[in-house]
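Engineer: If you scroll down you'll find the structure; I have some questions about it.
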Amino acid sequence: MQPKSKQESFASYRSLLSPDLSPEEFVLFRDHIAEQSGLFLDESKMDSLRISLLARATLHDFSSYLEYLDFMRESPGEFNELLSLITNNETSFFRYPGQFEALCALLPEIMARRATLDRRIRIWSAGCSTGEEPYSIAMCVLDYLGEDISWSLEVFGTDVSKRALAICESGVYDEKAIRSLEPRWHRYMERAGDKWRAGPLLKKTVSFGYHNLIKEPYPLSVMSDWDIIFCRNVTIYFKLESTRRVIKNFYQSLNPGGFLFIGHSETLRTISDDFASREVNGVFVYQKQEEPWAPGVKEISSQTRSRADEEPGTGEETVRQADTSFAELLRQATDEFEQGHIDQARPLLEAALSRQPDNADVNLILSYIYANEGQYQSAIDCCRKTLDVQPLSARAHYLLGVVYDKVGKPDDAEQEFKKTLYADPNFALAHLNLANIYRMQGKNDLARRAYHNAIDLLMQQPEGDWVEFLGGFMGDLVAETAKKGLAQVGRGAGKGRKQQD
Ligand SMILES: C[S@@+](CC[C@H](N)C(=O)[O-])C[C@H]1O[C@@H](n2cnc3c(N)ncnc32)[C@H](O)[C@@H]1O
């Protein structure tokens, strides 16, 4: 007899699903959705949620919503399908045109910063829905750059709705969507029967990927180095605490002096003090302040130890159990961390560290968290502690390299990425970062070879040891980033697997 599929065993018997969703069932779904996506559905959304649940649960032949909830909890794919039904994907080309005028007005400032670096402008449209926003951004900036081919532009659109992302990828829009597009922009589009399609230049400039803004930590190697982030009309549906975390992550992901655009009716008041607000032609934008790197911010282990000593019983319930073994604490902390529950992982890690300050695993996870929070000196200290115990930890060397790169120490970063590859020649992201450093140094041959290594590994071993550093991104998406880098240094000679200089 064939073993039952997960779905079959959940749908153990088949009877008609009641169209009614009880208030208790609504609360269970609401809380799960809020935890996984940030979207908070108040009671006014109960009926639309019920209709979406009815559709999905009936499709899978479930006889009760609770069975469907259990199934969905274990099936990320199904959760994404439901999410595609309940997200509000309203958008249009050049929505709130004033913000696009402000974008153009800010470009000289962005370009002045990048001029002596790589002459690249990088813009992230977070919560891009069906793609009109990132394509509008691209048209605007391409138009501004005009004939100047010494500059390149990358626009990256992300969303949690796979259905919306499929439209982004196709780039096909009907007449109704195109109506908000002034004729001067039509040159970036082409006719596709009775519809319109994004033209080759737009397709080349804009790429898309799945990214859930609520899932932390954001992978520094992919989601950083942004000059501008657009996140408009997305967090208005989030709980305040989720919005605060998302904005904090944007702050970390932006370059110093970079800009955040939020919806024209949204504000950062009560959400973040990190940004300076600026008015540009009547539009408010938020700028990340220059932040000179200040080493020696704090000494992790002594700080966490004293915190745990002075405030016994504070923090999470789980840490209060004095008899919890170290191994159990570490297991729980790792579980929470892997699920992206940083707030839950932190007190567990601190408790573990108070027992074994030199533990390599605890220090490594903490360094990852600190790096993503921008506490770079703390991250470095923790990496060093890991390396004191495990000098050949590829992950610790890699993380150290990322942090050194982030704080403007490319030579130190280069050494750490080389050590990563010494410890693990298949660490694709180390090849990628090394390639970027070589590109910035104008060492194009070395860069080409390193990009080729990264691309090969990302395509061949999507489940590599380094996969946790992708933060939920797909290996092939990161390979696209590597291909763009490769295009910038030219595709000449340089292919030679796993060689370093
Ligand atoms: C109303 S649309 C806004 C589209 C565009 N930014 C604009 O202003 O025209 C909101 C988008 O946010 C996306 N979204 C909701 N929760 C999200 C999350 N946790 N991570 C990423 N995107 C999310 C939805 O799927 C939807 O496409």
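Engineer: Taking R0 as 35 Å, what FRET efficiency do you get between Arg184 and Lys162 from their Cβ-Cβ distance, rounded to the nearest 0.05?
Structural biologist: My answer for the efficiency is 0.60.
Engineer: Right, something else. So if each residue of separation counts as 0.36 nm, and I subtract the Cα-Cα distance between Leu117 and His264, what length gain in nm does that give?
Structural biologist: Full extension of this stretch gives 49.7 nm more.
Engineer: Can you list residues from other chains, or at least 5 along the same chain, whose modelled amide H is less than 5 Å from the amide H of Phe230?
Structural biologist: Amide H neighbours of Phe230, under 5 Å, 5+ apart: Trp124, Ser125, Ala126, Phe261.
Engineer: In addition: I'd like the accessible area for His186: 1.4 Å probe, protein heavy atoms, all chains in place, Å² to the nearest 10.
Structural biologist: Rounded to the nearest 10, that gives 50 Å².
Engineer: A follow-up question, please. Let me know the shape class of segment 6-86, please: from the alpha-carbon gyration tensor, a ≥ b ≥ c as square roots of the eigenvalues, rounded when a/c is under 1.5, otherwise prolate if a/b is greater than b/c, or oblate.
Structural biologist: Oblate.
Engineer: Quick check on my link table: of Lys215/Lys418; Lys418/Lys443; Lys239/Lys406; Lys203/Lys248, which ones sit more than 19 Å apart, alpha carbon to alpha carbon?
Structural biologist: Lys215/Lys418; Lys239/Lys406; Lys203/Lys248
Engineer: While we're on this one: How large is the dipole of segment 184-293 about the Cα centre if only Lys and Arg carry +1 and Asp and Glu carry -1, each at its Cβ, rounded to the nearest 20 debye?
Structural biologist: Dipole of segment 184-293, to the nearest 20 debye: 600 debye.
Engineer: Ignoring ligands, DNA and RNA, what accessible area per residue does segment 97-288 give at 1.4 Å, in Å²?
Structural biologist: About 41 Å² of surface per residue is accessible.
Engineer: Which far-off residues, 5 or more places away or on another chain, put their amide H under 5 Å from the one on Gly257, with H placed in the peptide plane?
Structural biologist: Amide H neighbours of Gly257: Lys288, Gln289, Glu290.
Engineer: On a full-extension model of 0.36 nm per residue, what is the gain between Glu241 and Leu201, subtracting their alpha-carbon distance, rounded to one decimal in nm?
Structural biologist: Result: 10.5 nm gained on full extension.
Engineer: Let me ask another. Taking the Cα centre as origin and putting +1 on Lys and Arg beta-carbons and -1 on Asp and Glu beta-carbons, what dipole magnitude results for segment 97-288, to the nearest 20 debye?
Structural biologist: For this selection, approximately 340 debye.
Engineer: Given a 1.4 Å probe and heavy atoms of the protein chains only, how would you sort Met72, Met459, largest accessible area at the top?
Structural biologist: Met459, Met72
Engineer: Karplus couplings for segment 209-215 from phi (6.51 cos²θ - 1.76 cosθ + 1.60, θ = phi - 60°), rounded to Hz, Gly and Pro as x?
Structural biologist: Whole-Hz 3J(HN,Hα) from phi for segment 209-215: x, 7, 8, 9, 4, 7, 6.
Engineer: Under a Cβ-Cβ cut-off of 12 Å, what is the net charge of the residues other than Phe40 that fall near it, where Lys and Arg count +1 and Asp and Glu count -1?
Structural biologist: Value of the local net charge: -2.
Engineer: Rounded if a/c is under 1.5, else prolate if a/b beats b/c, else oblate: with a ≥ b ≥ c from the C-alpha gyration tensor eigenvalues square-rooted, which is segment 60-204?
Structural biologist: prolate
The values are calculated or read from the model by the stated rules, or taken from the named source; none is laboratory data. Bear in mind that the values here come from a model prediction, so they are computed numbers and not experimental data. Every residue, glycine among them, receives a Cβ derived from its backbone with ideal geometry; neighbour counts consider all protein chains shown. We work out accessible area using only protein heavy atoms, side chains counted, and drop any ligands, DNA or RNA first. Shrake-Rupley method; radii C 1.70, N 1.55, O 1.52, S 1.80 Å.
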